[in-house]
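Worksheet: the structure to be examined is printed underneath.
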Amino acid sequence: MTINDDALITTPFGAVAITADNGQLAIELLAVPPSGSIQIVKQSGNPMVVNVCQQIVAYLQQPITNFNLPLTQHGTAFQQRVWHAIGIIPLGQTRTYSELAQQVGSGPRAVANACGANSLPLVVPCHRVVAKHGIGGFMQGKANGLTIKQWLLQHEGVSL
């Protein structure tokens, strides 16, 4: 796969990488040493990438920002249902894996797996999905994933 366009944004929790390949975007939250500031350090001239960067920076500066992006991601019909359900969780609120599972007619583990397959975190805010008792998982167990999830939830005003 050839990556045609990309961007990197430093954040207080690490960084956000954005890649575009054949019109399909992917966003990755990176657990790198935080810079303490929000800054676009690399960005292609692709209008879609520029738009995504601007909206992510706006969200990181002020969590009331709503994403307005014509994005789709490839996944199974089940994953699409889960991602849609995640996408309508209001800013500053959370849902448990069990609540989403009930909503989409499945089990909590299947919902967690769909969260892990989400290639558009922040836009499809899987960080708003938590366990019944605690924060739950994030970023498929990658290093510092829970630290990033905690930062995002606190940034949105969720009490932990």
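Applying a 4.7 Å cutoff between beta carbons, the unpaired cysteines of the chain are Cys53. With only Cα atoms counted, the range 74-160 has Rg and Dmax values of 11.7, 33 Å.
Where the alpha-carbon atoms of the range 88-131 are placed on the principal axes, they occupy 23, 21, 16 Å, in descending order. Under 13 Å of direct C-alpha separation, and excluding same-chain neighbours fewer than eight residues apart, Lys132 reaches these aspartates and glutamates: Glu99. Here is the list for the range 76-160: trypsin sites (Lys or Arg not before Pro) lying in DSSP coil, each with at most 11 other C-beta atoms within 10 angstrom of its C-beta, are Lys132.
Over the chain, the Kirkwood radius and the radius of gyration, each from Cα atoms, give a ratio Rg/Rh of 0.94.
Of all DSSP beta bridges confined to the range 17-160, the antiparallel ones make up roughly 75%. Computed over the range 23-83, the range of Cα coordinates on each principal axis works out to 38, 25, 24 Å, biggest value leading. Only aspartates and glutamates eight or more places from Lys42 in sequence, or on another chain, were considered; those with a Cα closer than 16 Å are Asp5, Asp6, Glu28.
Modelled spin labels at Asn51 and Thr76, positioned 7 Å past Cα toward Cβ, are 3.1 nm from each other. The residues of the range 57-160 have, on average, 53 Å² of accessible surface per residue, using a 1.4 Å probe with all protein chains present.
The values are calculated or read from the model by the stated rules, or taken from the named source; none is laboratory data. Everything quoted here is computed from the prediction, not taken from an experiment. Ideal geometry is used to build each Cβ from the backbone, glycine not excepted, and the neighbour counts take in all protein chains shown. Heads up: the accessible areas ignore ligands, DNA and RNA and are worked out on the full protein's heavy atoms, side chains in. Shrake-Rupley method; radii C 1.70, N 1.55, O 1.52, S 1.80 Å.
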